[in-house]
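Taking it in order: structure first as structure tokens, then the write-up.
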Amino acid sequence: MSELTKQQVIDYLQQHPDFLIEQPKLLAQLELQQQVQGATSLVHIQQRQLREHNTQLKNQIDSMSKNATQNELVYRLFSQCHRQLWSNYDFNTLASNLRNIICMSPTINECKLVRYDNAFEELVKHRLSDSNHYLGRVNQQERDLLFNNDTQSTALYLIGEPSNPYAILAFGSHDENHFEPSQDNLFVLDFVRSLQIRLLELA
């Protein structure tokens, strides 16, 4: 009689899920060696795996809930910003009102809309030449152009094209992880497109 393979044992147990329950003596004796916790019963292993799975699901739900809350906040802020575009008729007033709205967010401590000048040439070349926006950390020299020293992460948006820039919209946060390259910024990009149209009208 040939020996059973591991796969045959697995297949049998899957087809007969009550087998170990119907063999209490075997279940009591069955121990599996674990690298971390040593020998433990099958029931304990299953319980631990279930707890780990539940924890993973909870973390996923928490993450989705956090993202939904953040997206709702961003949507509300930039809805207000959109309204400002058509109720302000000069660059400086628009920049001031946008700053007041965006800085209502507890995670954003700075917001600046500034006209482009040659001082920003290296910043545009280094951070904004590929996609017209950048999210993440900046070096000290770049920080000094737009932000206070306590700003840890930034979001930069170029108004215009790298070859013909008109302005820069910049956000800063004390939280070093608040702005990061993988972050979804769909609402912001939509606003930036509208902002560019409006600034060209005001020019």
Counting just the residues of segment 80-100 that are within 18 Å of Phe179 (Cβ to Cβ) and at pLDDT 90 or above, which one comes out most open to solvent (accessible area, probe 1.4 Å)? Arg99
Selection within segment 138-156 - open to solvent by less than 10 Å² (accessible area, probe 1.4 Å) and within 14 Å of Ala119 (Cα to Cα): Leu146
Which residues, counting only those in segment 169-187, are closer than 12 Å to Tyr134 by Cβ and either among the hydroxyl-bearing types (Ser, Thr, Tyr) or within 18 Å of the chain's Cα centre (by Cα) (or both)? Ala170, Phe171, Phe179, Glu180, Pro181, Gln183, Asn185
So Thr151 passes all but one of these: (1) in a loop (DSSP other than H, G, I, E, B); (2) of a type in the set (Ser, Thr, Tyr); (3) under 17 Å from the mean Cα position of the chain (by Cα). Which condition number does it fail? (3)
State yes or no: is Glu161 within 21 Å of Thr93 (Cα to Cα) and open to solvent by 70 Å² or more (accessible area, probe 1.4 Å)? no
List the pairs whose first member sits in segment 124-144 and is at positive phi, whose second member is hydrophobic (A, V, I, L, M, F, W, C) and open to solvent by less than 50 Å² (accessible area, probe 1.4 Å), and whose Cβ atoms are under 7 Å apart, counting only residues at least 6 apart or on separate chains? Asn132/Leu158; Gly136/Phe179
Which residue, of Arg76, Arg115, is open to solvent by 20 Å² or more (accessible area, probe 1.4 Å) and at pLDDT below 90? Arg76
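The values are calculated or read from the model by the stated rules, or taken from the named source; none is laboratory data. Predicted model only: the values in this text are computed from it and were never measured. Neighbour counts are summed over all protein chains in view; Cβ atoms, including those assigned to glycine, are modelled from backbone coordinates with ideal geometry. Ligands, DNA and RNA are stripped out before the accessible areas are found, and what is left, the full protein with its side chains, is counted by its heavy atoms. Shrake-Rupley method; radii C 1.70, N 1.55, O 1.52, S 1.80 Å.
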